[in-house]
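The values are calculated or read from the model by the stated rules, or taken from the named source; none is laboratory data. Because the structure is a prediction, the values reported are computed rather than measured. All Cβ positions, glycine included, derive from the backbone under ideal geometry; neighbour counts span all protein chains shown.
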Amino acid sequence: MNNLINQIAECVEHGKVSINSPYPPQMKGQLGADELTRQAIDEGVTPNIISSIRWKYPDTKIAVGGAPVNNEFAQYIGADGYGKNPQELIAWLDKQQ
């Protein structure tokens with residue numbers, strides 16, 4: 001389980017969103033944060049995964065979104081942001097700068 005959390009944190013740190021993302025080049029073809037998060041959920045990882053990520057990367061903002069989640073869920077797990085689609089998440093990220 002800790003290895004999975006470390007992999008998600010690494011993806012977040014390097015901007016590796018999904019397996020289809022060609023960036024960063026050294027992670028091309030590897031699972032990204034999307035797939036690893038789905039795997040974590042399927043394996044029963046509880047909302048404390050955010051606490052684990054915050055512990056390792058305290059300055060990292062965590063946002064979730066897409067069809068499987070809603071704003072209430074984002075608040076429940078302690079995410080900093082939520083977007084129902086990628087455009088909303090980008091808008092949220094733009095406001096963080």
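Figures for the structure shown
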{"quantity": "Complete set of residues in the stretch 70-91 that are closer than 18 Å to Ile49 by Cβ, part of a helix (DSSP H, G or I) and among the charged types (D, E, K, R)", "calculated": "Glu72"}
{"quantity": "Qualifying positions in the stretch 21-37 - closer than 19 Å to Ile62 by Cβ and without any contact (Cβ under 8 Å) to a residue 24 or more places away in the chain", "calculated": "Ser21, Gly32, Asp34, Glu35"}
{"quantity": "Residue selected from the stretch 38-56 under the condition in contact (Cβ under 8 Å) with a residue 40 or more places away in the chain and not in a loop (DSSP other than H, G, I, E, B), by the criterion farthest from the chain's Cα centre (by Cα)", "calculated": "Lys56"}
{"quantity": "Exclusive hit being within 19 Å of Asn2 (Cα to Cα), small (Gly, Ala, Ser) and surrounded by 17 or more Cβ atoms within 10 Å (Cβ to Cβ), set Ala33, Ala74", "calculated": "Ala33"}
{"quantity": "Of the criteria (1) assigned to a loop (DSSP other than H, G, I, E, B); (2) among the aliphatic types (A, V, I, L, M); (3) under 13 Å from the mean Cα position of the chain (by Cα); (4) not assigned by TED's automatic domain parsing to the domain that holds Gln97, which one Ile19 fails", "calculated": "(3)"}
